[in-house]
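Scroll down for the structure; my scribbles are underneath it.
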Amino acid sequence: MMTRVFALLFALLMLPGAGRAEEVVAALSQSRISITANFDGSEILIFGAVKRNQPTPEGEPLDVIITVAGPEKVETIRRKDRRFGIWINVEAQVIGHTPTFYTVTSTRELADILPPLTDSLWKITADKRILPGMRGLPAREALIRLRKADDLYRTREGVVTLSEDTLFQTSITLPSNIVEGGYTTRIFLLRGGEVIDSYGTTINVQKVGIERWLYNLAYQHALIYGVMALAIAGLFGWGASEAFRILRR
Amino acid sequence: MQIFLPIAEVSVNAFTLLGIGGIVGVLSGMFGVGGGFLITPLLFFVGIPPAVAVATSANQIVASSVSGVLAHFKRKTVDLKMGLVLLGGGLVGSAIGIQIFNMLKAMGQVDLLVTLCYVVFLGIIGFLMLIESIRAIKRAKGRPGGRPERKKHLWVHNLPLKMKFRASGLYISAIPPIAVGMMVGMLGAVMGVGGGFIMVPAMIYLLGMPTKVVIGTSLFQIIFTAGFTTLLHAYTNHTVDVLLAFLLLVGGVIGAQIGTQIGLKMKAEQLRIWLALLVLAVCLKLGFDLLLPPKELYSLGA
């Protein structure tokens, strides 16, 4: 009997008019980023609107949180300690898949709009997103600390602008020492500490042109690449020597 | 002007790289060292991953050495025969050194060994050279135009397989040069450098070669050892960044030419004092880094 009541309640909550009164519709200024020789980081504009099939609900204000996560990588983290008077690596730990880049942006201070439970459920802040099961382990804390120091993990509160409770926009800066791959972008719509809708998309970052060519050559035809590197070096050394001889005359 | 390096996968200012190449090139031309022991730490400093820095500096060393050696060839300050004998030992040494390197890499202590090698060898060599050159200058001042120094008869002169090295004015056994070449090749492969800073003093103090010939001959030898190292890194680790090397060597070859000119104008003893001080400075820096507690105990790395 009770299960049936719960099932009914659940079904009601899932009805369009009830549970998803507000939906997010979003777009990016670019869904592909090309790494060229003069690549120096990139800025992506993320913008969107809140779609409603009901008048704007009263009470709790609307907030938007946007996260961008870079390709995941397995890292080795080493710890130094003093042995025989010198500081050496004494311990190495392989840490599972963590994003090489992670940024969280929001309309207001996260403490005000995102209760810990919602955060855990949706894995929004770096603390909840990056290996939450290893919380408290020194290696995991160090990884987050190091990435934060390199500005690869960031939190930017209050940089998403929301106008008329409908239109929102922000820009995300991708660093210049970017890793190739897919950058997962998530947009959350929150009201009263609950995520009422979310949207996900991927930005593809890829080397192009000479960057792509050199990279492929180095990995697929390593010997040719090596010989080419030597030939360039030899030619330049000789060229400079000749040029200086002519100059001195 | 920022430029994105395809293998290092970082964006760096192109002029910074040109500058680093230039400084190291000047030193290379002046002292006949490849400059690997300076360029590698400098590249770490601007944010190039260590593996890429080590491999790419080997490539840049090839270029600056070619440029430098040509200038020396014209002045006939290269002992080709000695260079080839050293090289024979050097290639064997490199091959052994790379095996040692890979073994230590598997054990996860390659960084420490490289730094310790630097500190120990730079320390010993720098100190010995400094003392020797100060003594030489004092001698020169004390007895102006005094008697020419008598050639010492070392135990190395009693070994078999004697060869004539005309450019060096030596008639010695081929065994010591081959051994020196091997030692330097091995250390070069382990430390990721050409090995000139070990080769030059070894030639002066162990083989008794005249300073002027030493530099050209060392450069000649370094071309091939560094070339071999570059090829090996490119083939096995894919860590040679051609774009990075290109920028470094544009600065480097120009610097090497300037350095060679400075070197020819300076007195041999002065040259040795400056090289000794430079070697000691790098040694102290690396030594302190090992002794001082680091700010961050953890590091990320492949």
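The values are calculated or read from the model by the stated rules, or taken from the named source; none is laboratory data. Please read all numbers here as calculations on a predicted model, not as lab measurements. All Cβ positions, glycine included, derive from the backbone under ideal geometry; neighbour counts span all protein chains shown.
Quick notes on this structure:
- The criterion of being on the phi < 0 side of the Ramachandran plot, modelled with pLDDT of 85 or more, surrounded by fewer than 18 Cβ atoms within 10 Å (Cβ to Cβ) and touching a Gly at 6+ places or on another chain (Cβ under 8 Å) holds for A:P71.
- Test: A:S120 is without any contact (Cβ under 8 Å) to a residue 40 or more places away in the chain, in the same structural domain as A:E72 (by TED's automatic domain parsing) and surrounded by fewer than 19 Cβ atoms within 10 Å (Cβ to Cβ): yes
- Within segment B:49-68, considering residues that are more than 10 Å from chain A (Cβ to nearest Cβ) and among the hydrophobic types (A, V, I, L, M, F, W, C), the one farthest from A:I246 (Cα to Cα): B:A51
- Pick from segment A:207-223, criterion within 7 Å of chain B (Cβ to nearest Cβ) and of a type in the set (G, A, S), ranking: nearest to B:A8 (Cα to Cα): A:A218
- Residue count for segment A:150-175 satisfying the condition of being crowded, with 18+ Cβ neighbours inside 10 Å, more than 10 Å from the chain's Cα centre (by Cα) and in a loop (DSSP other than H, G, I, E, B): 2.
- Only one of the listed residues (A:G182, A:G158, A:G226, A:G200) is farther than 30 Å from B:E296 by Cα and within 9 Å of chain B (Cβ to nearest Cβ). That residue is A:G226.
- Residue list for segment B:233-247, restricted to those being assigned to a helix (DSSP H, G or I), in contact with a helix residue (DSSP H, G or I) (Cβ under 6 Å, 6 or more places away or on another chain), within 10 Å of chain A (Cβ to nearest Cβ) and touching a residue at least 24 places away in the same chain (Cβ under 8 Å): B:H233, B:A234, B:V242, B:A245
- Some residue of segment A:195-216 being without any contact (Cβ under 8 Å) to a residue 24 or more places away in the chain and within 14 Å of the chain's Cα centre (by Cα): yes
- Residue count for segment A:35-53 satisfying the condition of being small (G, A, S) and under 24 Å from A:I210 (Cβ atoms): 3.
- For segment A:109-137, the tally of residues that are part of a loop (DSSP other than H, G, I, E, B) and in contact with a Gly (Cβ under 9 Å, 6 or more places away or on another chain) stands at 4.
- Qualifying positions in segment A:172-188 - at pLDDT below 90 and of a type in the set (A, V, I, L, M, F, W, C): A:I172, A:L174, A:I178, A:V179
Residue-by-condition table, conditions (1) touching a residue at least 60 places away in the same chain (Cβ under 8 Å); (2) touching a Pro at 6+ places or on another chain (Cβ under 8 Å); (3) within 27 Å of A:A243 (Cα to Cα):
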{"position": "B:P6", "(1), (2), (3)": "yes, no, no"}
{"position": "B:F15", "(1), (2), (3)": "no, no, yes"}
{"position": "B:G22", "(1), (2), (3)": "yes, no, yes"}
{"position": "B:L38", "(1), (2), (3)": "yes, no, yes"}
{"position": "B:L70", "(1), (2), (3)": "no, no, yes"}
{"position": "B:F73", "(1), (2), (3)": "yes, no, yes"}
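- Residues of segment B:255-273 satisfying the condition of being surrounded by fewer than 17 Cβ atoms within 10 Å (Cβ to Cβ) and part of a helix (DSSP H, G or I): B:I258, B:Q261, B:I262, B:L264, B:K265, B:A268, B:Q270
- In segment A:23-44, the qualifying residues are those that are in a strand (DSSP E or B), touching a residue at least 24 places away in the same chain (Cβ under 8 Å) and within 17 Å of the chain's Cα centre (by Cα), and the one that is farthest from the other protein chains (Cβ to nearest Cβ) is A:L28.
- Number of residues in segment B:11-45 that are surrounded by fewer than 20 Cβ atoms within 10 Å (Cβ to Cβ) and either assigned to a loop (DSSP other than H, G, I, E, B) or of a type in the set (D, E, K, R) (or both): the value is 0.
- Residues being free of Cβ contacts under 8 Å to residues at least 60 places away in the same chain and either of a type in the set (F, W, Y) or crowded, with 16+ Cβ neighbours inside 10 Å (or both) - total across segment B:282-298: 3
- Qualifying residue in segment B:78-99 (condition: within 30 Å of B:T211 (Cβ to Cβ), modelled with pLDDT of 75 or more, outside any helix (DSSP H, G or I) and away from chain A (no Cβ under 14 Å)): yes
- Filter result (surrounded by 12 or more Cβ atoms within 10 Å (Cβ to Cβ) and more than 8 Å from every other protein chain (Cβ to nearest Cβ)) within segment A:229-241: A:L235
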